[in-house]
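Working notes, structure below.
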Amino acid sequence: MRRYFFRVLSSFIIIISLVSITFGWSVDRSQVLTGLTWSILQEWHYRPRELDDQFSKDAFALYINSLDPDKRFFTKDDLEKLEKFERAIDNEVQEGKSRLTALSSWLLSQRIEEVQAMAGEILAEPFDYFIDEELELDADKRDYADDSRELRELWRKMLKYQTILTYLDLAAAGKEGKEEAVLLEVIDKEIEAQARERVARNIRRTLSRLLEDGQEEAFHRYLNAVTKSFDPHTTYFTPEKREDFDIEMRGTLEGIGALLQEDGEYIKVVEIIPGGAAWRQGELKPGDLILEVAQGKEEEVVDLYNMRVDEAVRYIRGKKGTEVRLTVKKPDGQIVTISIIRDIVVLEETYARQALLSPARAGGDAARRYGYIYLPSFYRDFANVNGRSAAADLRRILQQINGEGVDGVILDLRNNGGGSLDDALKIAGFFIDSGPLLQVKGREKTNVFWDPEKGTLYNGPLLVLVNTFTASGAEILAAALQDYDRAVIAGNRTFGKGSIQTILDLDHFLPLDLGGLKPLGSMKLTIQQFYRVTGEPIQYHGVVPDIILPDPYGYIEAGERTLKHALPEERLTALDYPKWDAPVDLRVIQGKSNERVAANRSFQEIVAYVEKVNKDRQETRQSLHLAKFYRQQQARREELNRFEETQAGTEILLEVSLLKDDTALPEEKLKEWRDEIQKDVIIGEAVQILDDMLTLVSGE
């Protein structure tokens, strides 16, 4: 297949090259990119699509949403003009043309210029902050504006919203003990003018940047609409975005150590790189939206709204030891400022760590000791055969834990986003004797991956912790141990990313005479899917734990199942494999765990907090009356503060002994880690589940 794939692509490029030479036609970069993208998608994507009207409709919807995700520019009249292309993108791709991008780019530019004029007029005078009116924050609940009059009214409310936010920030920073009534019922005219000026400055910059994007950026969005109509992980990278992607994935730059992406008109935190400055600081989380950034305490705040991610990271990156201040919107709606001191990403903190645990409260068997293994990723130095790897570290840790004579092991895969597939499979093999671990299906055949090493390194009771951000290779490991009845899985349903991508440098497909078109960029392409040994998919479904535990981040809408055009559910034939010969009665330990969770104050506070946040998220209409606005924001802030205070005050649940390891973590970091384990209610429940497992096996 691979040879055929390259033959087809080569034929495509040769035809373009010959036409250019023979007829003297200039070859447009967009034509080459469109044709090359479609050829790759058709010949190598795991699940190719027909070039038909349904494809056109899907790509059109993705494209329009990428241009105006919050319905802030286009009117219904604009959409009517664009909708003639809704069923024509298939023809545009075949012809190598992009008339849709030309028209949409022109219409968008016209509306942006119109909004520029509107915004200047609106912000020239103070708002009335004491009338009852609301702004619908959820664009899915709003329709496009009928005309320019409706568009102006929408922008008046949005600019008022931004001005109130800025005014409250400025007033709070300078109030110095003034009573709340003064802040909310009497407008400080000087601060109000400063707030409007700051909003005006930020909006001018934002709209100017959008105008600078022009048709080239619209074309890149168009290509991504084409690729993402196949699946959400197939993506076109411009050369700049490929460089950013590589840097962030390596985590070797000077900065905060966070993987970011554009989410509509916002910058969204996708992943916190373990070991980086943001990871160590602890407040920035996946799902956070970064609204503003400032350098140190004196620099002007820069609004990231509607900014491209490549420019946003230039503000966020910086030299080691310098401070960056991020204004962040949490998934629960709270807006906070996070200060991070930039640093080199410390890879030591990405390595596996281990500890010995024993119960410190009534209800646990104090005579028992358990090994605890924290594994944040399946790391491996691919450039160095003698470099450190997750599998080698786990081998050493298990040997060490065995030497301590532990009664059971907890393997913590929470927030483990995957990594080296080879290491994930090797680690699974440490806990089972032999057998198949995984099925990988491509377009033409299905391969079975087996335990690479006969025998086990640990054969005692095993509990695996997972959560929503357990993904990819970590899901493979958890699924294999669950299918073999080798471990009890506890936590929350995992992410459900069961697909494999490869990255192609598009320049490699260009002949010499078209070298002037370089660099074309790259494509991240989905080529395979994972399946469990049972034939069940990991894709979309994830791994459902045997025991569900309340999760503080349970309100976050995350996972493959939330993404548009996620690959559909499929099943394969189950494989023959030997199950573990000492399974436990899950119904008994599930019942005991459920009883404890229902009686545990910390768990019930988690449940109540998640329910409250989910309820608040349904209320998407924001009051624009100053006092009501403040109280809405303050209520959310106080709710979060109460929850964090009660969780921080959790009693010590476990006695934790740190074992010697090969990491170079400073002593204070190890102490912080030990303190976190001692009060982690989920790890505390994991120990009690292991107690139940041992009691059942021993017949006590």
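The values are calculated or read from the model by the stated rules, or taken from the named source; none is laboratory data. All values derive from a computational prediction rather than experimental measurement. All Cβ positions, even for glycine, are placed from backbone atoms using ideal geometry, and neighbour counts span all protein chains on display.
So which of V346, V324 is modelled with pLDDT under 85, among the hydrophobic types (A, V, I, L, M, F, W, C), buried (at least 18 other Cβ atoms within 10 Å of the Cβ) and farther than 20 Å from F469 by Cα? Quick ask: steps written out before the conclusion?
Details: V324 fails: modelled with pLDDT under 85.
Exactly one residue qualifies, and that residue is V346.
Just wondering, is there one or more residues in segment 123-139 that are closer than 27 Å to S56 by Cα, out of contact with any helix residue (DSSP H, G or I) (no Cβ under 7 Å at 6 or more places or on another chain), hydrophobic (A, V, I, L, M, F, W, C) and modelled with pLDDT of 90 or more?
yes
Do we have E298 as charged (D, E, K, R), modelled with pLDDT of 85 or more and surrounded by fewer than 16 Cβ atoms within 10 Å (Cβ to Cβ) here?
no
Looking at segment 409-456, which of the residues that are among the polar types (S, T, N, Q), at negative phi and crowded, with 16+ Cβ neighbours inside 10 Å is nearest to the chain's Cα centre (by Cα)?
Checked segment 409-456; the qualifying residue nearest to the chain's Cα centre (by Cα) is N416.
Which one of these is surrounded by fewer than 16 Cβ atoms within 10 Å (Cβ to Cβ), aliphatic (A, V, I, L, M) and out of contact with any helix residue (DSSP H, G or I) (no Cβ under 6 Å at 6 or more places or on another chain): A627, A599?
The conditions single out A599.
Since P232 meets every condition but one in (1) in a helix (DSSP H, G or I); (2) surrounded by 14 or more Cβ atoms within 10 Å (Cβ to Cβ), which condition does it not meet?
(1)
Would you confirm whether or not segment 500-507 contains a residue that is over 30 Å from G684 (Cα atoms) and in a loop (DSSP other than H, G, I, E, B)? Give the steps one after another, and end with the answer.
Looking only at segment 500-507, we keep the residues that are over 30 Å from G684 (Cα atoms), and these are 500-507.
Subsequent filtering for residues that are in a loop (DSSP other than H, G, I, E, B) retains none.
Taking every residue of segment 500-507 in turn, none turns out to be over 30 Å from G684 (Cα atoms) and in a loop (DSSP other than H, G, I, E, B).
State all residues of segment 278-301 that are touching a residue at least 60 places away in the same chain (Cβ under 8 Å) and of a type in the set (A, V, I, L, M); if no residue qualifies, say none.
Of everything in segment 278-301, those that are touching a residue at least 60 places away in the same chain (Cβ under 8 Å) and of a type in the set (A, V, I, L, M) turn out to be A278, V301.
Can you pull out the residues in segment 538-554 that are touching a residue at least 60 places away in the same chain (Cβ under 8 Å), more than 14 Å from Q604 (Cβ to Cβ) and of a type in the set (A, V, I, L, M)?
I538, V543, I547 - these are the residues of segment 538-554 that are touching a residue at least 60 places away in the same chain (Cβ under 8 Å), more than 14 Å from Q604 (Cβ to Cβ) and of a type in the set (A, V, I, L, M).
Yes/no per residue for (1) closer than 17 Å to I373 by Cα; (2) touching a residue at least 60 places away in the same chain (Cβ under 8 Å); (3) touching a helix residue (DSSP H, G or I) at 6+ places or on another chain (Cβ under 8 Å):
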residue: V406; (1), (2), (3): yes, no, no
residue: K441; (1), (2), (3): no, yes, no
residue: V464; (1), (2), (3): yes, no, yes
residue: D485; (1), (2), (3): no, yes, no
residue: G491; (1), (2), (3): yes, yes, yes
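Tell me which residues, restricted to segment 559-571, are at negative phi, buried (at least 18 other Cβ atoms within 10 Å of the Cβ) and out of contact with any helix residue (DSSP H, G or I) (no Cβ under 7 Å at 6 or more places or on another chain).
E560, L567 - these are the residues of segment 559-571 that are at negative phi, buried (at least 18 other Cβ atoms within 10 Å of the Cβ) and out of contact with any helix residue (DSSP H, G or I) (no Cβ under 7 Å at 6 or more places or on another chain).
Of the residues F530, F469, which single one is assigned by TED's automatic domain parsing to the domain that holds P568 and either outside any loop (DSSP other than H, G, I, E, B) or surrounded by 17 or more Cβ atoms within 10 Å (Cβ to Cβ) (or both)?
Values: F530 fails: assigned by TED's automatic domain parsing to the domain that holds P568.
One residue alone meets the criteria, F469.
Considering only residues that are in a helix (DSSP H, G or I) and hydroxyl-bearing (S, T, Y), which ones fall in segment 594-640?
S602, Y609, Y630
Answer with yes or no whether F629 is outside the structural domain of P274 (by TED's automatic domain parsing), modelled with pLDDT under 85, under 25 Å from G333 (Cα atoms) and hydrophobic (A, V, I, L, M, F, W, C).
no
Within the set of pairs 6+ apart or on separate chains, which have a first residue in segment 500-516 that is free of Cβ contacts under 8 Å to residues at least 12 places away in the same chain, a second that is part of a helix (DSSP H, G or I) and of a type outside the set (K, R), and C-beta atoms under 7 Å apart?
none
Answer with yes or no whether G333 is under 30 Å from F643 (Cα atoms) and touching a Lys or Arg at 6+ places or on another chain (Cβ under 6 Å).
Yes; evaluated as a whole, the condition is true for this residue.
Of the residues N386, N459, N447, only one is part of a strand (DSSP E or B) and free of Cβ contacts under 8 Å to residues at least 40 places away in the same chain; which?
After ruling out the rest, the residue left standing is N447.
Would you confirm, using the coordinates I've provided, whether E611 is exposed (fewer than 13 other Cβ atoms within 10 Å of the Cβ) and farther than 30 Å from D433 by Cβ?
yes
Give all pairs with beta carbons closer than 8 Å in which a residue from segment 59-73 that is acidic (D, E) meets a residue that is part of a helix (DSSP H, G or I); count only pairs at least 6 apart in sequence or on separate chains.
D68/L108; D70/A139
Which residue, of K268, K285, is among the basic types (K, R), at pLDDT 90 or above and part of a strand (DSSP E or B)?
K268
Which residues, counting only those in segment 472-497, are of a type in the set (D, E) and part of a loop (DSSP other than H, G, I, E, B)?
Start the filter on segment 472-497 by keeping residues that are of a type in the set (D, E), which leaves 475, 483, 485.
Residue satisfying the conditions is D485 alone.
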